[in-house]
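Student: Submitted below is the structure of interest, expressed as structure tokens.
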Amino acid sequence: MPGIRNNCELIHAYLGGFAGLFVAFLLLMGVTAPVGSQQATILALLTALFSLLFVTTIFAVYYRQYFWSMNYSLLISAIILGFLMYYTMLLFPTTFGQPLILFVIGVVFGVVLGRIICRLCKDKKFLLDQKADS
């Protein structure tokens with residue numbers, strides 16, 4: 001069944017959406033770098049940092065979640081989404097790279113990544129303290 005199933009996927013959808021908006025605005029301003037360069041890596045990490053801080057601030061203020069625990073749990077996802085969205089943005093020409101299109105692509109990437117990560121965490125294959133259980 002399609003759609004967002006739980007809060008974990010919802011948070012990842014927010015992450016992907018804001019990463020998509022951020023890279024769309026980078027594209028509209030003409031701030032791009034060639035694939036594999038140091039500037040591309042910096043821009044992808046800035047995309048990840050911006051989306052992570054924005055989403056954790058929203059959830060910390062409106063949903064009363066603890067800010068730092070959310071940052072630690074979403075850091076890897078934000079970095080993956082930042083790189084995915086930045087390199088997806090490079091596929092679009094400037095005339096086609098509207099913020100809404102990249103926002104929707106980011107939400108789709110976020111839901112897919114959220115579904116994968118939530119399933120791994122649910123099955124306890126991805127937890128760092130797995131050694132303590134065995």
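Student: Quick one: which helices (runs of 4 or more DSSP H) lie wholly within the stretch 45-134 and hold at least 1 residues that are crowded, with 17+ Cβ neighbours inside 10 Å and at pLDDT 85 or above?
Tutor: Because the criterion is at least 1 residues that are crowded, with 17+ Cβ neighbours inside 10 Å and at pLDDT 85 or above, the helices (runs of 4 or more DSSP H) in the stretch 45-134 that meet it are 67-89, 99-122.
Student: Show the residue pairs that are 6+ apart or on different chains and have beta-carbon atoms under 8 Å apart, the first residue being within the stretch 89-103 and over 22 Å from ALA48 (Cβ atoms), the second being at pLDDT 80 or above and surrounded by 10 or more Cβ atoms within 10 Å (Cβ to Cβ).
Tutor: Here the result reads THR94/LEU27; THR94/LEU28, each pair linking the stretch 89-103 to a residue that is at pLDDT 80 or above and surrounded by 10 or more Cβ atoms within 10 Å (Cβ to Cβ).
The values are calculated or read from the model by the stated rules, or taken from the named source; none is laboratory data. Since the model is a prediction, treat every value here as computed from it, not as a measurement. Backbone-built Cβ (ideal geometry, glycine too); neighbour counts: all protein chains shown.
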